[in-house]
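Please read the structure below before turning to the comments.
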Amino acid sequence: MLTRKSCQQAVLALLHLNTFEQKSGKRAWKALPWSVMDQLHDKGYISDPATESQVRVVIRRGASCPKELFEKLFAVK
């Protein structure tokens, strides 16, 4: 069974798959579970996902965290 923390880590790792750079920083498409996106926002990892734009997610602190989590959870070793 997945815990809340493991769900948050998985969603943050999946954000890495569609992250791209813009002048304002790293952004990602936000087509992932809203409840988990809200939890990540509450922790300060992403900007408020409750906007009309599809790319308003900005990875704030721990910018390398999504990449590290992706490699840990999904990389073939």
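Taken together, the values in this text are just the output of simple stated rules run on the coordinates, not laboratory data. Predicted model, so just to flag it, every value in this text is computed and none were measured. Glycine gets a Cβ as well: all are built from the backbone with ideal geometry, and neighbour counts include every protein chain shown.
Return the FRET efficiency for the residue pair K77, A31: r is the Cβ-Cβ distance, R0 is 30 Å, and the value is rounded to the nearest 0.05.
On the way: r = 28 Å, r/R0 = 0.92.
It comes to 0.60.
Using modelled amide H (1.01 Å from N, peptide plane; none on Pro or chain starts), what sits under 5 Å from the amide H of I46, excluding residues fewer than 5 places away?
Correct list: H41, R60.
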